[in-house]
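Engineer: I'd like to ask some things about the structure below.
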Amino acid sequence: MTKSVEQLARDNVRALTPYQSARRLGGNGDVWLNANEYPLPVPFELTQQTLNRYPECQPAQVIERYAAYSGLNKDQVLVSRGADESIELLIRTFCEPGKDKILFCPPTYGMYSVSAETIGVEYVTVPALDNWQPDIPAIASQLDGVKLVYLCSPNNPTGNIIDPDAVRQLLALTAGKALLVADEAYIDFCPEASLSGWLRDYPHLVILRTLSKAFALAGLRCGFTLANPQVITLLLKVIAPYPLSTPVADIAAQALSEQGLAVMRQQVATLNSTRQWLQQQLEQCPLAEQVYPGSANYLLVRFSDPQVFSTLWDQGIILRDQRKNPGLEGCLRISIGTRHECEVLVNALNTLSHSAEQA
Ligand SMILES: *Cc1c(COP(=O)(O)O)cnc(C)c1O
């Protein structure tokens, strides 16, 4: 029997809905507030010219500098092609397809399920509580066969930090059974909430980081895994031999220099203050039913008017639609852009609410 190419693909790949990245979803406009990117490019220069040679698997300077930045030892740091690669690497390292499972708490980041599905690993979902905190008793009852529990803090798209007491309880529940993976992609906006200091006490804690958000380097594709050396050693067995190209390592090292860190902290201060301003403005906007307080570079907002997303889209103001996610009816996620971009957004919303009043 002859088969089409489509029929030759693995069943779980044929069934897969790919991750709907903001880039794939498209849009036309000049105010891009849909991908949690930093709104302005940061200039870098390439200094490495040795492209005839293969790069180091784990570029020493990048590892050294990230270890210093996060207050850890070099053997507690792994660098990869974005945090996304690390999400997948953990599943490939710890989960047997068809047997082990991962667990996460929606609404949350979409790549945990996509990575599990492509690898053929089952996922268990335990919806977050109304305050977006994890439902500990429900998780406790679902841990059978689970090898990885993904927690996102601050959580994308809700913006909240996971309560440290809840993390402690989950670490107790998973000890000796599973790894707890804390996705800290946005932690540079609230560094005091990082769990990196907890690695000393918990051999099964893993932390994910990235240069894509606060460091303004989403296009670089560079992320980090922080964990105890036993975990890092296992991941190094599975990772590609050359996960970072030489130019990526070159720029990452510059971003993590003292000067690079100072620039990043300035970016964080600017975005945090713009976020506070935008939150106040949105709280006064009659169309915004609920503005969830956020600790990262975005805000989740529940709108009463179903037209907000498409009306702004038509005006070239592109937000991230969250309305299809369970628990997020009416919700849009708004990335913090420049102050000017946020003003354009607020003006458009105010105009829209006036015309809604008059109708
Ligand atoms: C953006 C994001 C990532 C991916 O980071 P990359 O380093 O760009 O792959 C991971 N987790 C969360 C929660 C994110 O929002």
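The values are calculated or read from the model by the stated rules, or taken from the named source; none is laboratory data. Worth saying up front: this structure is predicted, and the values here are computed from it rather than measured. Here the Cβ is made from the backbone with ideal geometry for all residues, glycine too, and neighbour counts use every protein chain on show.
Engineer: Provide a single number: the residues in segment 135-158 that are in contact with a helix residue (DSSP H, G or I) (Cβ under 9 Å, 6 or more places away or on another chain) and not charged (D, E, K, R).
Structural biologist: At the first step, the residues of segment 135-158 found to be in contact with a helix residue (DSSP H, G or I) (Cβ under 9 Å, 6 or more places away or on another chain) are 136, 139-140, 143, 146-154.
Add one more test, that the residue is not charged (D, E, K, R), and what stays is 136, 139-140, 143, 146, 148-154.
Result for segment 135-158: 12.
Engineer: Report, ordered by the first and then the second residue, all pairs with beta carbons closer than 8 Å, sequence separation of six or more or different chains, a first member in segment 26-43 that is more than 17 Å from residue 219 (Cβ to Cβ), and a second member that is surrounded by fewer than 17 Cβ atoms within 10 Å (Cβ to Cβ) and not hydroxyl-bearing (Ser, Thr, Tyr).
Structural biologist: Close Cβ pairs (under 8 Å, with a partner that is surrounded by fewer than 17 Cβ atoms within 10 Å (Cβ to Cβ) and not hydroxyl-bearing (Ser, Thr, Tyr)) amount to 27/313; 28/316; 29/313; 29/315; 29/316; 30/316; 31/316.
Engineer: Let me spell it out: the conditions are (1) farther than 22 Å from residue 152 by Cα; (2) modelled with pLDDT of 95 or more; (3) not β-branched (Val, Ile, Thr); (4) not in a helix (DSSP H, G or I), and residue 273 meets all of them except one. Which number is the exception?
Structural biologist: Condition not satisfied by residue 273: (4).
Engineer: Still on this model: Among the listed residues 85, 122, which satisfies the condition of being of a type in the set (Asp, Glu) and either within 23 Å of residue 137 (Cβ to Cβ) or away from the ligand (no atom under 13 Å from the Cβ) (or both)? Even if it seems obvious, please write down each step before you answer.
Structural biologist: Numbers: 85 fails: either within 23 Å of residue 137 (Cβ to Cβ) or away from the ligand (no atom under 13 Å from the Cβ) (or both).
Going through 85, 122 in turn, the sole match is 122.
Engineer: Follow-up question, since we're still on this one. Would you please list the contacts, defined by Cβ atoms under 8 Å and residues six or more apart or on different chains, that run from a residue in segment 67-89 that is closer than 17 Å to residue 229 by Cβ to a residue that is assigned to a loop (DSSP other than H, G, I, E, B) and among the hydroxyl-bearing types (Ser, Thr, Tyr)?
Structural biologist: The qualifying pairs are 70/194.
Engineer: Take the residues in segment 195-231 that are part of a helix (DSSP H, G or I) and surrounded by 19 or more Cβ atoms within 10 Å (Cβ to Cβ); name whichever of them is farthest from the ligand (Cβ to nearest atom). Reasoning before the result, please.
Structural biologist: Residues of segment 195-231 part of a helix (DSSP H, G or I): 196-198, 229-231.
Of the ones still in play, those that are also surrounded by 19 or more Cβ atoms within 10 Å (Cβ to Cβ) are 196, 231.
Numbers: 196: 16, 231: 18 Å.
My answer is 231.
Engineer: Another question, then. Tally time: how many residues in segment 276-309 are modelled with pLDDT under 95 and buried (at least 21 other Cβ atoms within 10 Å of the Cβ)?
Structural biologist: 0
Engineer: Exactly one of these conditions fails for residue 219: (1) within 28 Å of residue 243 (Cα to Cα); (2) small (Gly, Ala, Ser); (3) in contact (Cβ under 8 Å) with a residue 40 or more places away in the chain. Give me its number.
Structural biologist: Only one criterion is unmet by residue 219, namely (3).
Engineer: Out of 37, 6, which single residue is of a type in the set (D, E, K, R) and farther than 26 Å from residue 119 by Cα?
Structural biologist: Numbers: 6 fails: farther than 26 Å from residue 119 by Cα.
Just one listed residue meets the conditions, 37.
Engineer: Sticking with this structure for a sec: Does residue 247 satisfy being at pLDDT 95 or above and assigned to a loop (DSSP other than H, G, I, E, B)?
Structural biologist: Values: at pLDDT 95 or above: yes; assigned to a loop (DSSP other than H, G, I, E, B): no.
No.
Engineer: With 140, 116, 83 as the choices, which residue is among the hydrophobic types (A, V, I, L, M, F, W, C) and under 21 Å from residue 296 (Cβ atoms)?
Structural biologist: Details: 140 fails: under 21 Å from residue 296 (Cβ atoms); 116 fails: under 21 Å from residue 296 (Cβ atoms).
Answer to the check: 83.
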